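Values in this text are rule-based calculations from the coordinates and carry no lab data. Here the structure is a predicted model, which means the values were calculated and not measured. Please note: Cβ atoms are built from the backbone with ideal geometry, for glycine as well, and neighbour counts cover all protein chains shown.
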Amino acid sequence: MASDDRAILVIDDEPSIRLLVLRALDRAGYGAIEAPSAAEALRLASARRPALAILDLGLPDRDGLELIGPLRDLEVSVLVLTAREAVQEKVAALDLGADDYLVKPFDTEELLARVRTCLRHRQAARGEKSRIVLGDIHIDLDAHIVRRGGEEVHFAPKEYGVLAELARHAGRVVTHQHLLLTVWGSAHAQDIEYLRVAIRALRRKLEADPAQPRLIRNEPAVGYRLMEQE
Amino acid sequence: MNPDDPDAMRPSPEALLRSATREGRGRLKVFLGAAPGVGKTYEMLREGAERQREGADVVIAVVETHGRADTEALTRDIEILPRRPIAYEGHRLTEMDLDAVLARRPRIALVDELAHTNAPGSRHEKRWQDIEELLDAGIHVYSTLNIQHIESLNDVVASFTKVRVRETLPDHVLDDAEIEVVDIPPDDLIERLKAGKVYIPDEASRALNHFFSKSNLSALRELALRRAAQAVDAQMLDYLRSHALVGTYAGGERILVAVGEHPGADALVRAAKRLADALRAPWSALHIETPREARFTDAERTRLAANLGLAATLGATMVTVPARSVFDGLTEQIVASRATQLVLGKSQRSWWFELRHGSVVDKLVRQSSGVAVHVLPLGESGPADHGRRTPVPERWQDYLWSLIAVAAMVLAGRLIEPLIGYRSTDLLFLIPTIGAATLYGLRKGVAAGIASGLAYNFFFIPPRYTLTIYEPENVVTFFVLIFVAVLTSQLAGRVKAQAEIGARSARENAAIAGFARTLGGLSEQGETARTVCAEIARLMDVNAMLLSRSDGALVITAAYPGAPELSAIDNAAADWAWERGEAAGRGTGTLTASEWRFHPLRTALGTLAVLGVSRSDAGNPVPATRAVLFMSLVDQAALAHERLKLEDDMREVVALKQRDQLRGALLSSIAHDLKTPLTAVTAGVEALEAEPDSAQLLSTIRAETQRLRRFFDDLIDMTRIEAGAIHPQPEATDLTDAIASAVHDVKGAREGRKVRLDVPVNLPLVRTDPSLLHHILINLIDNAAKFSGEGTEIRIEGRRERDGLRLAILDQGPGLPPGREEELFGTFTRVEGSDRTGGTGLGLAIVRGFSEALGIEAHAANRSDATGAIFSLYFPQSLIIRPKEQPLGK
């Protein structure tokens, strides 16, 4: 499963959490290293070049958010651990370039699923995948063609823009802000209603039951996630 | 007072208060002299030096040695603080640097010349105000003073020395001061004067030659010694009262002084103050507003304002009554205030005036019993009295109408003359005469009278068409007409003026009552502040603002008509009013350079706000004639602020009490709900150690930790609600999203129950905080799952309803106890016997707390179609977003 030979860096100041995460990763076959502080994390990241860092934002020496940039610069993917109620923190982390976030306390299964998504995307990013398959939905990003069960589905330009952006980050959360900026531009960065309407249209055209969406999942106050079928 | 009376032994509250204020405050010691040259400054320096030798920290804040060598020698060993230079009209003046002294904080500061007037541009008008500030800062002050500068003795001194000093000192400054009389025999002083040892400014020397006569100096010396003895008496009395050693107290005296526009009325005020001091009685200054006031010259108005101002400065209670005459006003007020001593002035009027009007004093003495009447001669009217009166506008049309009326009577007379004869037609001419006098006043009345006389003569009295009169009775008719005109117009004029004053007084009273009523109806601080400003601006015809303290600085809380720009001096004046609880700024004694006049809103709870008023034309915002109205308005505003503050405090107390109860309940809940799953987990882990392979145990542990997790989430949410730490960030939210996420997140809790969604996908978007809504939905779904058995169905419905939108969560549980539906939203309310399902009872309280923060109405009811409960969320119209034009592009 661990197709990347490089290690996963676990950054947390709580020894018991580090131990649990390391054990889980170990069981799943990943090689893991640990850092109790931001300074140690940066040292290890540049020395060992891990594929992914699991980053707890509450670090003793620095705000975890400040680590995201340097880690990204070292081509390390970042999975952030945050407290449940800190919506702003989640959005900030994603905007700074984190790949995804996980709310504490978390299930081990959930953690491993997110780790898998992050690592898969690292590979995908290298090869710039242009065809995405989600169940019976086929998205061809180069040809701008979306088929559902073989039938071509037509979208308004903005609807397609949102879908393409979600497909490029399939499995991961894309913030409202990011979608609005890339699809509508900075003049409409606050017009979240536009996004809601586009998402409705997408669901009407792609979901089996638009009232109980399974494909485009909402993360309250953060963004949308295009679900991958595992 | 009966010594057995327990009250008599108790210290009087005022006396205790006064000694309490004295503690921590600096003491003022005044070196009082009868005249310049007695050696006050020398004595002050000598005592300062002595204190310094004893180890006290003494500085010279300001001392004038006037080049005297022996005095200068004394200053050498004491630290001298530099003075503050002030440039004024090209002169370079220096004044005591008040802030430097405050910053230096000595134990004792030596400040010469207590009665000194500061250069314009200083913080205070008078040095004694600077000294009050030093005393407030806990610094002891030594100062010097000549007896003739004391406000209440000013007249007495001037009466025999013929020299009036301009710089006077309010008596109250000396109330708590220690007074040391610097006394040398008059002969020695004259000796020193001749030897050139007394400093006298050149321009004053001629006038002062008379001043330094032996008889004058003796009298001044006696005054000084008496004043010092009086101060000692007062302080002794204070001491006795605060220690409850009172023997006798001459209570019940109340002094009333009538203050008018007469030039000598200031002397009356000072006399009343002396009387009040001597009797230790409260005193009021009475201003009687008579119709005559309408005809005051500007000089008279200014004098009246100054006299009233003086009384206020000296500590009188101010009373203004409108009355037809001085006599009426006085008799009325004597009864109303139960005065026992009356101080009156008697002007030196002509015998003619007294004959016509009667002497007020004579009438009063005859009519009022039980009141001691003090009569003082008033100064003769100065030339200023014949100065400019505010002119009554003359309208030539009025004359024209008067003459037309006369002409009409001539016509009418000619018509009826054949019937009644010419002699009776004279009565017709009374009509235009009285009419003009009543409607247009004296001059037109007289003009109509003369015109009538002439017209009657010309047209009716034989020989006709001449102005010649043969019969004496016709001469009488002519003069009677003019006399009637004069009399009528005077009567009418007086009635009119009285009515105007009455109306004005009624207007002011109505204004105050209206103001109080308006404020009484308000229950919110900001609105009250705005209303106070707008109303005072309207009633006083000024710009108004309110300031209050926020984060250590005074900020404007409301202003009318617009928010003003405040200069540094304005801010200083506002600060002063706030800090000291005294008026400051334009028209007061402090920081007069400010364009604004600031009044503190003082209440029993302290100063709650500062009211600032100014006029756009930079005039005095509170002219003397409106001072009484203004102070009533300030009082009302202060009362309103006090009431709101009390209400706020009360609300806070209630909220605190509720929070306390909640905290108690929370603690017991934590004890129960935290211990139960922890016990299960601990037991499970222990069992695992003994029996390592048990899936059953593991799933128990997992379930219990899940329960703990939910509980912590609830606790955190509840704490946020309780702490008021919810700051919703509403955004356009799709309810489909919200419901789907919530259903997804309560997967564990709803195990075994089917969730059916009945939410149309085309419901409008709502403006709400998606995270808070998420928590509300989680709690509601969780709650529905908890109270209904496995295999049941939970239905979630969304409907447009009225102008809003309703989300409902329906379960198939046992339903709710009828009539107690709303109670469920209280903290820790649980349906009886529901403990088995676990959970804290916090869930619905969180729903209620978050809903309220979002403006969503949360309701609970029983289902009408089946057993089970409905919990519903109603989004009112204001939260619904009308669909915009499709922004999806072509």
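Take every residue in peptide A:188-201, count the Cβ atoms of other chains within 10 Å of its Cβ, and give the average of those counts.
Values: counts 1, 0, 2, 3, 6, 11, 6, 4, 8, 9, 4, 3, 7, 2.
So the per-residue partner count for this stretch is 5.
To the nearest 0.05, what FRET efficiency results for B:Ser213 and B:Arg166 with a Förster distance of 25 Å applied to their C-beta separation?
Values: r = 21 Å, r/R0 = 0.86.
It comes out at approximately 0.70.
Please compute the Cα-Cα pair-distance distribution of the range B:51-156 with 10 Å bins starting at 0, giving whole percents from short to long.
14, 43, 34, 9, 0
Amide H to amide H, which residues 5 or more places from B:Leu765 or on other chains are under 5 Å from it, using H placed in the peptide plane?
Those lying under 5 Å, H to H, from B:Leu765 are B:Ile881.
Kirkwood Rh and Cα-based Rg: tell me the resulting Rg over Rh for the protein assembly as shown, rounded to two decimals. Working shown, then result.
Values: Rg = 46.1 Å, Rh = 39.6 Å.
Ratio of gyration radius to Kirkwood radius for the protein assembly as shown: 1.16.
Find the Cα radius of gyration of the range B:520-634, compare it with 2.2 N^0.38 Å by division, and give the number to two decimals. Don't skip to the answer; put the middle values down first.
Working: Rg = 12.9 Å, N = 115, 2.2 N^0.38 = 13.4 Å.
Normalised Cα radius of gyration, the range B:520-634: 0.96.
For the range B:716-768, what is the Kirkwood estimate of the hydrodynamic radius, computed as the reciprocal of the mean inverse distance between distinct Cα atoms, to one decimal in Å? Walk me through the numbers before you get to the answer.
On the way: mean 1/r = 0.0737 Å⁻¹.
Result for the range B:716-768, one decimal place: 13.6 Å.
Around B:Ser548, under 15 Å between beta carbons, what's the net of Lys plus Arg minus Asp minus Glu among the other residues? Walk me through the numbers before you get to the answer.
Numbers: positive: B:Arg530, B:Arg549, B:Arg602, B:Lys645; negative: B:Glu524, B:Glu527, B:Asp551, B:Asp575, B:Glu579, B:Glu642, B:Asp648.
Neighbour charge sum, excluding B:Ser548 itself: -3.
Note down the net charge around B:Val476, summing +1 for each Lys or Arg and -1 for each Asp or Glu among other residues with Cβ under 14 Å from its Cβ. Mind showing how you got there, number by number?
Working: positive: B:Arg423; negative: B:Asp426, B:Glu471, B:Glu473.
Counting the neighbours of B:Val476, the net charge comes to -2.
At 4 °C and a viscosity of 1.567 mPa s, what translational diffusion coefficient does Stokes-Einstein give for the range B:396-491, taking Rh as the Kirkwood radius over Cα pairs? Give it in µm²/s as a whole number. Show your work: numbers first, answer last.
Working: Rh = 13.0 Å.
Approximately 100 µm²/s, per Stokes-Einstein.
With just the Cα atoms of the range A:103-210, tell me how far they stretch along each of the three principal axes, in Å, largest first.
Largest to smallest, the principal-axis extents are 39, 36, 32 Å.
List the equivalent ellipsoid semi-axes of the range A:10-152 in whole Å, largest first, each obtained as the square root of 5λ for an eigenvalue λ of the Cα gyration tensor. All intermediate terms of the calculation are to be shown ahead of the outcome.
Numbers: eigenvalues 187, 52, 49 Å².
Values for the range A:10-152, descending: 31, 16, 16 Å.
When a footprinting reagent is the concern and you count Cβ atoms within 10 Å, what order do B:Ile416, B:Ile856 take, fewest first?
Ranking B:Ile416, B:Ile856 by Cβ neighbours within 10 Å, fewest first, gives B:Ile416, B:Ile856.
Once the other residues with Cβ under 14 Å from the Cβ of B:Gly413 are scored (Lys, Arg +1; Asp, Glu -1), what is the net sum? Please report the intermediate quantities before stating the final value.
Details: positive: B:Arg414, B:Arg423, B:Arg464; negative: B:Glu417, B:Asp426.
Summing Lys and Arg as +1 and Asp and Glu as -1 gives +1.
Of all DSSP beta bridges in the protein assembly as shown, what percent run antiparallel (nearest 5)? Write down the numbers at each step before the final one.
Values: 71 of 135 bridges.
If we restrict to bridges inside the protein assembly as shown, about 55 percent are antiparallel.
Neighbouring Cβ atoms within 10 Å as the yardstick, rank B:Leu74, B:Leu698 fewest first. Write down the numbers at each step before the final one.
Values: B:Leu74 21, B:Leu698 13.
Final ranking by Cβ density, sparse to dense: B:Leu698, B:Leu74.
Give the long-range amide H neighbours of B:Ser284: residues separated by 5 or more places, or on another chain, with amide H under 5 Å away, using H modelled in the peptide plane at 1.01 Å from N.
Excluding prolines and chain starts, which carry no amide H, the hits are B:Ile255, B:Leu256, B:Val257, B:Thr317.
Give the cross-link partners of A:Lys158 among the lysines, using a straight C-alpha distance below 25 Å as the criterion and excluding same-chain residues fewer than 8 apart.
Of all the lysines, those that pass the test against A:Lys158 - Cα under 25 Å, at least 8 places apart if same chain - are A:Lys129, A:Lys205, B:Lys884, B:Lys890.
Considering the zone a paramagnetic label at B:Thr317 would reach in this model (a point 7 Å from Cα along the Cα-to-Cβ line), which residues of the range B:281-304 have amide N under 15 Å from it?
Inside the label zone: B:281-287.
Less than 20 Å from a label point 7 Å out along the Cα-to-Cβ axis of B:Ala593: which backbone N atoms in the range B:601-622 qualify, by residue?
B:613-615, B:618-621
Could you pull out every residue, at least 5 positions away or on a different chain, whose amide H is within less than 5 Å of the one on B:Thr144? Hs are placed 1.01 Å off N in the peptide plane, and Pro or chain starts have none.
B:Phe31, B:Glu113, B:Leu114
Which order results if B:Val847, B:Val532 are arranged by neighbouring Cβ count within 10 Å, fewest first? Spell out each step's value before the answer.
Values: B:Val847 25, B:Val532 30.
Ranked by crowding around the Cβ, least crowded first: B:Val847, B:Val532.
Along each of the three principal axes of the Cα atoms of the range B:726-879, give the extent in whole Å, ordering the values from largest to smallest.
Over the range B:726-879, Cα extents along the principal axes are 40, 29, 28 Å.
How long is the gain from B:Phe479 to B:Lys194 if the chain were fully straight, where each residue apart is worth 0.36 nm and the alpha carbon distance is subtracted?
Details: separation 285, 0.36 × 285 = 102.60 nm, distance 7.21 nm.
Result for the pair: 95.4 nm of gain on full extension.
Sequence neighbours fewer than 8 away in the same chain don't count; with that in mind, list the aspartates and glutamates whose C-alpha is under 15 Å from B:Lys214.
Counting by Cα, and skipping residues close in sequence, B:Lys214 has these aspartates and glutamates nearby: B:Asp183, B:Asp187, B:Asp188, B:Glu191, B:Glu222.
Mind ordering A:44-50, B:326-332 by average Cβ neighbours within 10 Å, highest first?
Numbers: A:44-50: 16.3, B:326-332: 19.1.
Descending mean neighbour count gives B:326-332, A:44-50.
Testing the spin-label approximation: label points 7 Å from Cα along Cα→Cβ at B:Ala56 and B:Lys747. State their distance in nm.
8.5
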